[in-house]
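Here the structure is laid out as structure tokens; the discussion comes afterwards.
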Amino acid sequence: MAVWVYAPMTPEGPHPAAFELVTKARSLGDEVGAVAFGPGADDGAEPLGAHGATTVYVSDDSVFTDHPGRPAAHVLRRLIDEHRPSLVLFPATYDARDVAGRLQALTGSTLMSNATDVLAIDRARTEIFGGTTIVDVALGGPAPHLVLVRPRSFAAEPAGGTVQVVVVDASVEDGLKGARVVERHAETAAGPKLEEAKVVVAGGRGLGGPEPFALLDSLASAIGGAAVGASRAAVDAGWVPYSYQIGQTGKSVKPDVYLAVGISGALQHIVGMKGSARIVAINKDAEAPILKMADLGLVGDLFDIVPKLTAAIASRKLAV
Amino acid sequence: MGSDYIRYPIPRSSPRRDARNGLGTLRAMNIVVFVKFVPDPQGTPEMGPDHLLVRGAAGALDPGDGYGVEMALQLAEAGGGEVTAITMGPDEALAGVQRALAMGVHRGVVVTDPSLRGADALATARVLAAAARRSVFDLAIAGVESTDGYTGTVPVTVAELLDVASVTAVRRLEPDGDDFRVERQTEAGYDVLTCPRPAVVTVTAGANEPRYPSLKGIIQAKQKPLERLTLADLGLDAATVEPAQSITAVIEAPPKAGGDVVAADDAGIARLVELLAEAKVI
């Protein structure tokens, strides 16, 4: 019974969630395959193997980064026809979602989104209604079942063992390549990555504009090692780039402390941060849903509270 | 597995048939917008005894779809052409299309069939693809994901079933000769892509300001062509849309115990600092 993991490539190597999925796949199948397409995939095979992949299918071809989604789906489909895995897991990123969505049209097999756990090769779990309800879903229809799993649903653990690397033929006819990337623009913020920071300070609609995010930057640097994020409302309004977004459509974070500033706590947002060890909310509305799940809630004007909090942290650090 | 998938060839629109407008660079486009009627986004969602989302009359056009409708209308206003809103759902779903018609969309299509109840993402994509391919289109637009299901895969599946290009998470799109120039949101920032026609794109929230229907628009909507189709009208059978996913268990997640909610005075701020210190992050 082969379980495969689709490992999207990033400039730093395979997406971190791919290691989480490979780790999980070890408990689901006796063979664990990983698929890595795009520049750097050759070098990605070794760490994927170290996390438990027994076979890694790689192609360094730039067609996969120049043309998002479609070539990967077609090449993956050929591999599936040849090797017939029972289950293919994908991290729930935009790019992997495009590959999985295309693939289900080609294989006619069912695709489940937003899984938070995979219970067996034909059963996965998800959370609905903002995480208040957990449902188990049976997967039927033709193999392989396709499951998009939310990043950080599992811990990545090295396993050791040997890995077989199979170089894949990446040829795709021109008519199947689809849209082509002609420019890339990075808007990434300075400081630690949101997913890795011990403290996340996130701003929402209550900030009222882009400028107040400077208050959160100051607070984050006073804490030290903190990253700044945002709710979908703040991103949709164009105050901060999409790379800041935490929630169902953005990043999932599980920091030691999550500070929600001016965020009401829509279900969309809560899904991306409820795993935080401690949650603190600052909100002017005492009825805001986020306060019901916060370990500590401060009701008041964030423009008054945040500078005072920043100063209090700075002076405590000086005193210690 | 490879033998049982369904593919729908799509006729390509001919550049010859398009009249050039006064700007000289834009041409008339036929645009499809996929819309969804969702339970009231402000309400509390409920699951019925059959493990399906309770869908009543209290609902609305998915707020995420307004951006796609707006983009389609702006493109048609700039270059000419016709916009068709397509939805799949129960009788109530008609209200979503009516909202799109009132905003300015030219015609509506509603696919309703008892066998579509509980349809999964693949079944939904098969139905929408079959409905879209009934006419020649240059561009099909959808939201990035629905507000009730968050699946986020249906539009690209439709694109593959129709054998056309796609770009997801689009925040800007303009015609560029025979292609589209598209800005796509990425984790790092944004990419610019060249996308051939015809194409399926998904539009992010915030890409534009969706218009409100005017009184005139609401009145005119009642006169606009509206087709109601069944599965049979689309040449599909019930087996093609049989869901391959079923909920086997429902567990109420233990509610997270809330902590203290305090006033944001000096004592409150001191408590927050203490919490940070206990967490060893300062």
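Each reported figure results from applying straightforward, stated rules to the coordinates on display, with no laboratory input. These numbers were taken from a predicted model, which means no experiment stands behind them. A quick note on method: Cβ atoms are made from the backbone with ideal geometry, for glycine too, and the neighbour counts reach across all protein chains shown.
Out of the strands (runs of 3 or more DSSP E) lying entirely within the stretch B:152-214, which hold 3 or more residues that are in contact (Cβ under 8 Å) with a residue 40 or more places away in the chain and either at the interface with chain A (Cβ under 8 Å from one of its Cβ atoms) or among the aliphatic types (A, V, I, L, M) (or both)?
B:199-203
Return the pair list, or none, for Cβ contacts closer than 7 Å from residues in the stretch B:46-66 that are over 29 Å from residue B:249 (Cβ atoms) to residues that are among the aromatic types (Phe, Trp, Tyr), at least 6 apart or on different chains.
Partner pairs satisfying both residue conditions: B:61/B:37.
For the stretch A:220-320, list the helices (runs of 4 or more DSSP H) that sit wholly inside it and hold at least 2 residues that are free of Cβ contacts under 8 Å to residues at least 12 places away in the same chain; which are they?
Passing ranges, in order: A:302-319.
If I filter the stretch A:81-93 for residues that are buried (at least 24 other Cβ atoms within 10 Å of the Cβ), within 9 Å of chain B (Cβ to nearest Cβ) and touching a Phe, Trp or Tyr at 6+ places or on another chain (Cβ under 6 Å), do I get at least one hit?
No, because not a single residue in the stretch A:81-93 is buried (at least 24 other Cβ atoms within 10 Å of the Cβ), within 9 Å of chain B (Cβ to nearest Cβ) and touching a Phe, Trp or Tyr at 6+ places or on another chain (Cβ under 6 Å).
Which condition number does residue B:270 fail, the rest of (1) surrounded by 15 or more Cβ atoms within 10 Å (Cβ to Cβ); (2) part of a helix (DSSP H, G or I) being met?
Single failed check for residue B:270: (1).
Okay, residues lined up against (1) more than 9 Å from every other protein chain (Cβ to nearest Cβ); (2) in contact with a strand residue (DSSP E or B) (Cβ under 9 Å, 6 or more places away or on another chain); (3) hydroxyl-bearing (Ser, Thr, Tyr):
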{"position": "A:126", "(1), (2), (3)": "yes, yes, yes"}
{"position": "A:137", "(1), (2), (3)": "no, yes, no"}
{"position": "A:153", "(1), (2), (3)": "yes, yes, yes"}
{"position": "A:169", "(1), (2), (3)": "yes, yes, no"}
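Every residue in the stretch B:215-244 that is among the β-branched types (Val, Ile, Thr) and either within 14 Å of chain A (Cβ to nearest Cβ) or surrounded by 22 or more Cβ atoms within 10 Å (Cβ to Cβ) (or both), please.
B:240, B:241
Have a look at A:72, A:179 and point out the one that is more than 30 Å from residue B:250 (Cβ to Cβ), away from chain B (no Cβ under 11 Å) and surrounded by 20 or more Cβ atoms within 10 Å (Cβ to Cβ).
Within the list A:72, A:179, the selection yields A:72.
Name the residues in the stretch B:247-267 that are buried (at least 16 other Cβ atoms within 10 Å of the Cβ) and closer than 15 Å to residue B:52 by Cα, would you?
B:247 - this is the single residue of the stretch B:247-267 that is buried (at least 16 other Cβ atoms within 10 Å of the Cβ) and closer than 15 Å to residue B:52 by Cα.
Give me a count of the residues in the stretch B:245-267 that are outside any loop (DSSP other than H, G, I, E, B), more than 7 Å from chain A (Cβ to nearest Cβ) and under 26 Å from residue A:132 (Cβ atoms).
Residues in the stretch B:245-267 being outside any loop (DSSP other than H, G, I, E, B), more than 7 Å from chain A (Cβ to nearest Cβ) and under 26 Å from residue A:132 (Cβ atoms): 0 in total.
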